[in-house]
Structures are given as structure tokens and as C-alpha cells.
């Protein structure tokens, strides 16, 4: 069959065969390899980003260690019991008020879906109020200060009226999900 063809037709069939072999090898060998190369390059880029992130963290390590040492006092000042309800929070606030000398005159909780908003009024001196706020700080940021208004009780008196709105977040219970 091949011998019946003219020289020109044989050369054309050879070229067609070579072209077909090249096309099939491109489709079945080269294209899959380029996809694999792209995937490997993507993995390499991800690994390089991770390395850069680790190197950045290592460069920041002395600063992070310094900050950790600054915040280490929080471990010592942690509240012994966990505050999980509004009643427990009121008890903590009353205990801190008693320790600092602040007198709580009103405490009105308003329940929300994931938190409790508390309107509280108190009175005391500036120093007592600072001690009270420091004591509340031991609640590991379970209380968010939404609004705090401080005004003098009487002209010339060092007593202050404190009217504040605090939000007690259930999801910020220490050891829970944040």
C-alpha cells in the first residue's frame, strides 16, 4: 500500500505521521506536565509565604517577648472564679465596690441575645473609682464599657456620681470561644 503511493504522497504521510506524533505527545505528555508544574509553583509560593510569615514572627520575637513580660502580671491578677451569670457579675462588682469604697446606688440589667447590658449608678471619690475600675479589670475583659459619665456630686465636694453602661459578654468567658 505504501509502495503504490507517489513520492510526494509518501513524504506528506511521513510529515502527517510526525505531526500526529508531536500533537499527541503535546496533548498527552506536555499539557499534563505544565499543569503539574503550575501546581508545584503554587505550592512553592504558599511555602514561601509561610516562610516569610515565620521569618517576620522571628524578627518580631524580641518585641513579643517584651510585651509578654509586660502583660505577665495579668496571670497573677486573674479572678479566681469564673463569672458566668449576671448575678455573679453583680457579686463581683459589689465586692470590688466594698474593697474600693465605691457605693453602688443602682444596678439594672437588660438581657440581650448574647450579652447583658447593665446600667449602673455609683458614688465615691476619684481614688475609690480608680480602685473600683482596677478591680473590674480583673474580669478578663468580660465587661465592655459602653458609656461612663462622671460628675461631681456637690460643688466643692470630692465625691463623684458615676453613671455607666456596661456590656457583659457571655462569649468572652475566660477559657471559652472568642
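None of the figures in this text is laboratory data; all of them are computed from the coordinates on show. Here the structure is a predicted model, which is why all the values come from computation and not from measurement. Cβ: placed from backbone, ideal geometry, glycine included. Neighbour counts: every protein chain shown.
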Over the chain - Rg/Rh using Cα atoms and the Kirkwood inverse-distance radius: 1.58
Taking only C-alpha pairs under 8 Å that are 6+ residues apart, what is the relative contact order of the chain in percent? 17
With Cα atoms, 0 to 90° folded angle of helix 7-25 axis to the chain main axis: 20
Two-site FRET efficiency, residue 71 against residue 43, from Cβ-Cβ distance with R₀ of 41 Å, rounded to 0.05: 0.65
Highest-first arrangement of 96-107, 53-64, where packing means the average Cβ count within 10 Å: 96-107, 53-64
What angle do you read, to the nearest 10 degrees and between 0 and 90, between the alpha-carbon axis of helix 31-71 and the longest principal axis of the chain? 20
Helix-only mean residue ellipticity at 222 nm, the chain, DSSP H runs n ≥ 4 weighted -39,500 (n - 2.57), per residue, nearest 500. What is it? -17000 deg cm²/dmol
Note: residue 99 to residue 64 extended length (0.36 nm per residue) minus current alpha-carbon separation gives 9.2 nm
Expressed in whole Å with the largest first, what are the equivalent ellipsoid semi-axes of the stretch 1-71 derived from the C-alpha gyration tensor as the square root of 5 times each eigenvalue? 65, 7, 4
Expressed as an acute angle from 0 to 90° and rounded to the nearest 10, what is the orientation of the C-alpha long axis of helix 86-100 relative to the principal long axis of the chain? 50
Label model pair residue 36, residue 5: point-to-point distance (7 angstrom along the Cα→beta-carbon line) in nm is 3.4
